[in-house]
Structures are given as structure tokens and as C-alpha cells.
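Report on the structure given below.
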């Protein structure tokens, strides 16, 4: 039950982070037109990536996650969820038409960080959950990759969730152009 609940929390978090507007009323973020979006998607190289391919089997195993991950479509994001037996999981999402400026990101502590050469936003205690941490990586001005780590629902170890998210994010951006 706890794993299912955590998956639902991470999935809901990914869904709400990919939308703008009022809670409960998802609306796509603004775009700058078909040509610019297509150019941005092509420039980022994200259009051809699948979220479950963002981490290799060796990387997933090194993070203590179970391979393979489960592909999901959550709102505007294509995502993959890897679980950890008895200790939550990790999701990675690709948004080809939503930059950092388009996302509503909340957490107990939000900060601008770098992941590799990319600007990112880190949300510790994502959406008030002490067992979670999220990173949104700006691949281009109009595309992002999200990495959300959640521990068992009884945990309040935000630092451990952030450590897992940071390690996965480092592995992911090392493959990006």
C-alpha cells in the first residue's frame, strides 16, 4: 500500500508541476508557436528520448532502484517511475514544451542550482512532503527534465531524498548534448 501511495504522490506531483493555472484545473503553459517549439524540441534532443532510457540499468541498480522502470504519461510529461523495495522510488519526466518559467514548483525550501552545465530548480520537501525532493532541469528555455525522489511515506529524511534525486540527475544530464 505504501508503494502505491508513494507512486500516486509522485505521479500527482509530476502532473501538477507540469501545468499552470489554478489547482485542479490543469492548463497547458504558454508556448511561443509551432515553429519555435519544434525548433526547441529538436535543439534539446528531448523529442526522441524516452524517460525510461534516461537511466541505464547499471545506474538504476547503483541508486538501489528496481529495473526496469514503468513508463507513464502524466499531464504534459512523459515519465518513468522506478521503485525501491520498501523505500519509495524515483521518477524522471520529460517536458518538451515547458520551461522552468512555465512550471509551478513548490517545496519547503526552493533554490536555484546547477546540474552539470544546466540551470535547475531544487525543491526540498516537494509540495510539503518531508520524504521528497525534486529537481527541474532546464534543457532549453522551453524544455525540462524533472527528477523526483520520494522515500517511504513514514520517512522525513529530505536529505536522503535529495541525495538520490541529485545522483540520478547527474547521471541523466551526463547524456544530454
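Each value in this text was obtained by applying a stated rule to the coordinates, not by laboratory testing. Note that the coordinates shown come from a computational prediction; the quantities given were computed from them, not determined experimentally. FYI the Cβ positions are ideal-geometry reconstructions off the backbone, even for glycines, and counts take in every protein chain you see.
Let me see the pair-distance distribution of the range 98-160: every alpha carbon pair, 10 Å bin width, integer percents in order.
Histogram of Cα-Cα distances, whole percents per bin: 25, 51, 22, 2.
Using a 7 Å offset from the Cα along the Cα-to-Cβ direction at both residue 159 and residue 130, what is the distance between the two label points in nm, to one decimal?
Distance between label points: 1.4 nm.
Would you kindly calculate the mean projected area, averaged across all directions, of the convex hull enclosing the Cα atoms of the range 73-177, in square nanometres?
Across all orientations, the range 73-177 yields a mean hull projection of 6.2 nm².
Whole angstrom only: what separates the Cα centroid of the range 97-126 from the Cα centroid of the range 158-176?
The distance from the Cα centre of the range 97-126 to that of the range 158-176 comes to 13 Å.
How many nm is it between the label spots at residue 70 and residue 170, if each spot is 7 Å from the Cα in line with the beta carbon?
2.9
Normalising by the residue count of the range 55-102, find the relative contact order in percent from Cα pairs under 8 Å and 6+ residues apart.
27
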